[in-house]
Amino acid sequence: MKVRVNTQLCQGHNRCYALAPELIDIDDYGTAFAIGDGTVPPELEEKARLARDNCPEFAVELER
Amino acid sequence: MEDRPPVENWATDYDIFDPAYVNDPAPIWRDLRERCPIAHTDRWQGSYLPTRYHDVQALAKMVPELSSRDPLVIAAPPLDPADPNVTNYGTNAPPISSDPPEHTWVRRLLLPHFSPRAVEAHRAYTEGLCHELIDAFIDIGRADGAVDYAQQIPPRVIAHLLGIDESRVGEFVEWVRGVLEFGLFEPETRHRYRVIIRDFFREQVARCKNDPGDDLISALVQAEHDGQPLPDHTIVGICNLMLVAGIDTTWSSIGSALWHLGAHPEDRRRLAAEAELFPTAIEEMLRAYAPVTMGREAIESVTYNDVTFEPGAKILMNFPAANRDPEVFENPDEIRIDRARNRHIAFGSGIHRCLGSNLARLEMDIALRTWFDRIPEFELADPGAVTWAGGQVRGPRTLPLRFPVGGTIE
């Protein structure tokens, strides 16, 4: 699984960062980005899904 | 408030200041969502009220067609009609009252001060403050959760952030309510408080220019845009925003959460026993009791679905109703403190997402955890005595609570 943040949609709510800080970081302006190449280790897959499902801007995407 | 005819049909004649709407708007939204998802009223200078999540989301993103230049339902006249430096609209509180391009650069200037890491600078202060407030009433066994607690926290945190005199916090509260609450229906009162706020911050800006500290006003007087210092009226406007947007919104959220937990012993007991539920419980309180409804204004004729907004039309960003939409939230009127999937928009969506959302969440988290540490058992002392303020910012204003003297029984 890979996580990706669409920075065109992200408005800095920081919900993904709060829920999955192992996978997502933010810059000084609150815009989120995936750490590294976005690979989600199996044990963090549920956190990645929570990050996606709590984003008010629908900006967090997961792909297999 | 003047006497008004009762609402006969909420789809065509709604009144967000009607007691029924202020006290419990959810049934009204439920009805509107089914039969007229974008309602209209001629009351209060006229406006539109969407109630579905996806409509509110889409409308919040209609920039620049829908302007933020006057986000209040009851518009105020310009404070300085003769001053060419001041925006010609009633509300000067950038970036909430700005459109791009001003919105973009003012917001970018402020965002680093409100990041999750930056707001941590207010944690120790906020924790100390919450304990101090509780110390004052814990041995009485009674407190007004709104007046004695919720209302006391955000004004002091904002004063701390702005570097202004915390001992004047009672005045700040009065000013904010004078502009946003009781002053809404008394233009002269409202004008008076707006002038007080403006003049107060003019003085503070002058003070920080002479003797800068490590507070936000000092940072703003030293900041630049396009190689120039910020105009004073921009800084004063930002301070105005910090005061009016940072205070009664967050105290409404803290108060609503205490109300819910005081009225629902099963949720209160569960949260007291399972502290790991605080993060989802706080998001659920924000979803279910989202305090803020912001206004937009059509600057050109624009059609959304089958509704055409003519220039000047006000459209209310009904984030609280969006958060109760069954299309998006399972059993939306059921409060589940462990709701893990919660795409709520209590802080808005799009470019005007609440700038202070990280600070508001920090304050809610500390206020509720500290309360539960000291007073895990509490209940409404008199449910009939609870009063709510509503309209564009909804939350309890009287909230009598009772609890064992000294807090914990053990």
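The values are calculated or read from the model by the stated rules, or taken from the named source; none is laboratory data. All of these numbers come straight from a predicted model, not from anything done at the bench. Here Cβ is always computed from backbone atoms with ideal geometry, including for glycine, and neighbour counts include all displayed protein chains.
Could you check segment A:31-48 and list, in sequence order, the residues that are buried (at least 22 other Cβ atoms within 10 Å of the Cβ) and either part of a helix (DSSP H, G or I) or over 12 Å from the mean Cα position of the chain (by Cα) (or both)?
A:Ala48, the sole residue that qualifies.
Starting from segment A:43-64, take each residue that is without any contact (Cβ under 8 Å) to a residue 60 or more places away in the chain and list its partners that are surrounded by 19 or more Cβ atoms within 10 Å (Cβ to Cβ) and of a type in the set (Phe, Trp, Tyr), counting only C-beta distances under 8 angstrom and pairs at least six apart or across chains.
Listed pairs, sorted by first residue: A:Pro56/B:Phe347.
For B:Met285, indicate whether it is away from every other protein chain (no Cβ under 14 Å) and more than 14 Å from B:Ile337 (Cβ to Cβ).
Answer is no for this residue.
State yes or no: is A:Cys55 within 14 Å of chain B (Cβ to nearest Cβ) and more than 24 Å from B:Leu277 (Cα to Cα)?
no
Go through segment B:111-164 and count every residue that is within 14 Å of another protein chain (Cβ to nearest Cβ) and among the hydrophobic types (A, V, I, L, M, F, W, C).
4
For the list (1) in contact with a Lys or Arg (Cβ under 9 Å, 6 or more places away or on another chain); (2) within 14 Å of chain B (Cβ to nearest Cβ); (3) surrounded by 16 or more Cβ atoms within 10 Å (Cβ to Cβ); (4) in contact (Cβ under 8 Å) with a residue 12 or more places away in the chain, I need the number of the one condition that A:Ala18 fails.
Among (1) in contact with a Lys or Arg (Cβ under 9 Å, 6 or more places away or on another chain); (2) within 14 Å of chain B (Cβ to nearest Cβ); (3) surrounded by 16 or more Cβ atoms within 10 Å (Cβ to Cβ); (4) in contact (Cβ under 8 Å) with a residue 12 or more places away in the chain, A:Ala18 violates only (4).
Could you count how many residues in segment B:266-316 are out of contact with any Ser or Thr (no Cβ under 6 Å at 6 or more places or on another chain), within 22 Å of B:Asp365 (Cβ to Cβ) and of a type outside the set (A, V, I, L, M)?
The number of residues fulfilling the criteria is 13.
With respect to the numbered conditions (1) within 18 Å of B:Thr387 (Cα to Cα); (2) surrounded by fewer than 20 Cβ atoms within 10 Å (Cβ to Cβ), which one is the sole condition not fulfilled by B:Gln222?
Only one criterion is unmet by B:Gln222, namely (1).
Provide a single number: the residues in segment B:2-38 that are touching an Asp or Glu at 6+ places or on another chain (Cβ under 9 Å) and not in a helix (DSSP H, G or I).
Matching residues across segment B:2-38 total 6.
Counting just the residues of segment B:352-390 that are aliphatic (A, V, I, L, M) and within 14 Å of chain A (Cβ to nearest Cβ), which one comes out farthest from A:Tyr29 (Cα to Cα)? Outline the logic, then answer.
Residues of segment B:352-390 that are aliphatic (A, V, I, L, M), as a first pass: B:355, B:359-360, B:362, B:364, B:366-368, B:375, B:380-381, B:385-386, B:389.
Filter again for within 14 Å of chain A (Cβ to nearest Cβ), leaving B:355, B:359-360, B:362, B:364.
On the way: B:Leu355: 10, B:Leu359: 14, B:Ala360: 17, B:Leu362: 18, B:Met364: 22 Å.
My answer is B:Met364.
Report yes if some residue within segment A:51-59 is touching a Pro at 6+ places or on another chain (Cβ under 6 Å) and either more than 26 Å from B:Asp338 (Cβ to Cβ) or surrounded by fewer than 19 Cβ atoms within 10 Å (Cβ to Cβ) (or both); otherwise report no.
No, the conditions are met nowhere in segment A:51-59.
Return only the number of the condition from (1) of a type in the set (Ser, Thr, Tyr); (2) modelled with pLDDT of 95 or more; (3) surrounded by fewer than 16 Cβ atoms within 10 Å (Cβ to Cβ) that B:Ser349 does not satisfy.
For B:Ser349, the exception is condition (3).
Exactly one condition in (1) within 14 Å of chain B (Cβ to nearest Cβ); (2) touching a helix residue (DSSP H, G or I) at 6+ places or on another chain (Cβ under 8 Å) is not met by A:Glu46; state its number.
(2)
Determine, yes or no, whether B:Pro212 is part of a loop (DSSP other than H, G, I, E, B) and not acidic (Asp, Glu).
yes
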